[in-house]
1. What are the residue pairs meeting all of these: first residue in the stretch 81-103, first residue on the phi > 0 side of the Ramachandran plot and near the ligand (Cβ under 8 Å from one of its atoms), second residue assigned to a helix (DSSP H, G or I) and not charged (D, E, K, R), Cβ atoms under 7 Å, and 6 or more apart or on different chains?
2. Do you know which residues across the stretch 60-80 are more than 9 Å from the ligand (Cβ to nearest atom) and surrounded by fewer than 21 Cβ atoms within 10 Å (Cβ to Cβ)?
3. Would you please name the residue that is nearest to residue 368 (Cα to Cα), looking only at residues in the stretch 1-30 that are surrounded by fewer than 24 Cβ atoms within 10 Å (Cβ to Cβ) and within 14 Å of the ligand (Cβ to nearest atom)?
4. State all residues of the stretch 399-419 that are more than 25 Å from residue 192 (Cβ to Cβ) and either crowded, with 23+ Cβ neighbours inside 10 Å or modelled with pLDDT under 95 (or both); if no residue qualifies, say none.
5. Go through (1) surrounded by fewer than 18 Cβ atoms within 10 Å (Cβ to Cβ); (2) in contact (Cβ under 8 Å) with a residue 24 or more places away in the chain for residue 242 and report which single condition fails.
6. Would you check if there is a residue in the stretch 255-264 being outside any helix (DSSP H, G or I), under 19 Å from residue 134 (Cβ atoms), in contact (Cβ under 8 Å) with a residue 12 or more places away in the chain and not aliphatic (A, V, I, L, M)?
7. Residues 146, 129: which one is at pLDDT 95 or above, more than 16 Å from the ligand (Cβ to nearest atom), surrounded by fewer than 19 Cβ atoms within 10 Å (Cβ to Cβ) and more than 22 Å from residue 402 (Cβ to Cβ)?
8. Which ones in the stretch 31-55 are within 16 Å of the ligand (Cβ to nearest atom) and touching a Leu at 6+ places or on another chain (Cβ under 8 Å)?
Amino acid sequence: MSRVLVIGCGGVASVAIRKCCQHPEVFTELCIASRTKSKCDALAAALKDKTTTRITTAQVNADDVDQLISLIRAYKPELVMNIALPYQDLTIMDACLACGVNYMDTANYEPEDTDDPAWRAIYEKRCREKGFSAYFDYSWQWAYREKFEQAGLTALLGCGFDPGVTQAYCAYAKKHEFDEIDTIDILDCNGGDHGYPFATNFNPEINLREVSAPGSYWENGKWVEIPAMSIKREYNFPEVGMKDMYLLHHEEIEALAKNIPGVKRIRFFMTFGQSYLTHMKCLENVGMLSTTPVEFEGHQIVPIQFLKALLPDPATLGPRTVGKTNIGNIITGVKDGKEKTIYIYNVCDHQECYKEVGSQAISYTTGVPAMVGAMMVVKGLWKKPGVFTTDEFDPDPYMEALAKFGLPFVVDENPTTVE
Ligand code: NDP
């Protein structure tokens, strides 16, 4: 039925590809293309006898628009799934436009080189005007809206769990549970333990950039920024237990502030253990999280990239991670004239994910929504010209497919709220 090109073959992409191959009636043909072709070949070989999806592989540098155009023209997919890094979002969107192909990704654009003066001038203006200083924001990709509209193509942005499912939960709440939504607290709890003193559950460079940035939230029509990790709360997560969580800036806040009319406050919290925070602070204090190249014995090295080379590859954490994740939204508002609060969430077990697809639950909870998002686009259920986030589509077919294919959701009508 469809021919899809996947770019990237890391932790998240491997899950998305394995899940696509469980549905060969939808994903008839897949091309796995990435910087390191041997990883694509190894995954294709592992899947060969397990699926009837026809898999091919290719090498591509996704920073290079011409290489991408050649690959897309040769393979002729109807959708490109960008599961490489946020650095490649714009080059892949450009190539999709040049070739007339639909696009999707799991994280919004951020530049690899944050010292680039041209990017920095725009970034500093945005910080002043909008009031948050994270390196990533939607303005770069939202600027493509008209081009995708004119080309009659769909671009689906941020289709992982958070961003992604957390926004679909809001669209579901808006459609079925509330007449008005007042506040949204997105909670991302990883109760898993991999046994290492320090490791990240997805790409270390992207993860550490995200969590070391100042936190921010949306309140009464504007951003409030706070020093990194300066708002801490405790929460008793269903099936996980009591955890410390910290307020972070997160990209779906930006989309929800635009797409949920009348919302008064949107916050995002993520759980961290003390060991993670102590290591991160120490690495930050000695300059290891810096993205600015330094000279070392005649070579230019970027400290955070060197650190990535030392840390465990998140794709290898699967066999040793035990415990569960609990990710969802506490939403308050009004239904039929009465105040109401729900917690809509998913619980995922690291070892169950490993048994099914050989990965821990963070890659699983991102890769499954990416596969389901791709399914929505190629089936024509989420297909309209322009650039959209998941909260701008009908949540019902997406939530139904998520539940069927590995990420069921619970609606708790009487949750504890976060102060
Ligand atoms: P990994 O580092 O494990 O994988 C990234 C993949 O992209 C690797 O295969 C890498 O190739 C490839 N790649 C990197 N640069 C290029 C390039 N220039 N050209 C071609 N291929 C390239 O990352 P993850 O799988 O952990 O994360 C993937 C994405 O998912 C990220 O954007 C991340 O932010 C996002 N994410 C989203 C979440 C959500 O809930 N929405 C949660 C977690 C992650 P190589 O093997 O050569 O390094």
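The values are calculated or read from the model by the stated rules, or taken from the named source; none is laboratory data. None of these values were measured; they are calculated from a predicted model. Here Cβ is always computed from backbone atoms with ideal geometry, including for glycine, and neighbour counts include all displayed protein chains.
1. none
2. Passing the criteria: 65, 66, 69, 70, 73, 74, 75, 76, 78.
3. Checked the stretch 1-30; the qualifying residue nearest to residue 368 (Cα to Cα) is 19.
4. The one that is more than 25 Å from residue 192 (Cβ to Cβ) and either crowded, with 23+ Cβ neighbours inside 10 Å or modelled with pLDDT under 95 (or both): 419.
5. Residue 242 satisfies every listed condition except (2).
6. Checked the stretch 255-264: no residue is outside any helix (DSSP H, G or I), under 19 Å from residue 134 (Cβ atoms), in contact (Cβ under 8 Å) with a residue 12 or more places away in the chain and not aliphatic (A, V, I, L, M).
7. Working: 129 fails: at pLDDT 95 or above.
Selected residue: 146, the only one of 146, 129 that is at pLDDT 95 or above, more than 16 Å from the ligand (Cβ to nearest atom), surrounded by fewer than 19 Cβ atoms within 10 Å (Cβ to Cβ) and more than 22 Å from residue 402 (Cβ to Cβ).
8. Selection gives 31, 32, 33, 55.
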